[in-house]
1. If a residue has to be of a type outside the set (D, E, K, R), exposed (fewer than 14 other Cβ atoms within 10 Å of the Cβ) and farther than 21 Å from residue 25 by Cα to count, how many in region 78-109 make the cut?
2. Of all residues being of a type in the set (Asp, Glu) and farther than 22 Å from residue 85 by Cα in region 107-136, which is modelled with the lowest pLDDT? Just the residue, please.
3. Out of the helices (runs of 4 or more DSSP H) lying entirely within region 19-110, which hold 3 or more residues that are under 13 Å from the mean Cα position of the chain (by Cα) and hydrophobic (A, V, I, L, M, F, W, C)?
4. When you scan region 21-30, do you find a residue that is touching a residue at least 24 places away in the same chain (Cβ under 8 Å) and surrounded by fewer than 15 Cβ atoms within 10 Å (Cβ to Cβ), even just one?
5. All but one of (1) assigned to a loop (DSSP other than H, G, I, E, B); (2) surrounded by 19 or more Cβ atoms within 10 Å (Cβ to Cβ) hold for residue 5; state the number of the condition that does not hold.
Amino acid sequence: MFVRFQSPIPGKRGVHTGVFGLTNLLGRAGRLTPDEHAAWRAGNDWYDAAYPDPTDTDPSVYDETAHPRATAWFKESATQLIDRVPPYLAILGAHGVEWIRVESEDPGRVIYEDDVQIVVDPHDPAARTSFHPATW
């Protein structure tokens, strides 16, 4: 099983922006309170240190030409990473940004994999998987 937290509405490339991308948009736009900004930066720094960046292994993973709909999913076993998502969800909620939790046994063709995550080209980006309401 794979887990993803994302926007319920696809963006311009047809991809549902993930929790980190959504929060990064708020942070980079200067819309976070000082406490939210500190939590966002601390969280991003922790994640950057805690698991590999797929583009360090394969720079083309998120290339918009090669893989225009590439999405990252946590492996269900990566509880140490999933357990640290709620502060991001709280920030999104405080700003009225909707999110959903999605689970799938087979979210797409795997183009990158490590111990805690996969990046896939979705089989069918419009297909519904297991959607969960925006509650933790």
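1. Selection size over region 78-109: 2.
2. 124
3. 19-28
4. For region 21-30, residues touching a residue at least 24 places away in the same chain (Cβ under 8 Å) and surrounded by fewer than 15 Cβ atoms within 10 Å (Cβ to Cβ): absent.
5. Status for residue 5: all satisfied but (1).
The values are calculated or read from the model by the stated rules, or taken from the named source; none is laboratory data. Model, not experiment: these values are computed from the prediction. So basically every Cβ, Gly included, is an ideal-geometry build from the backbone, and we count neighbours across all protein chains shown.
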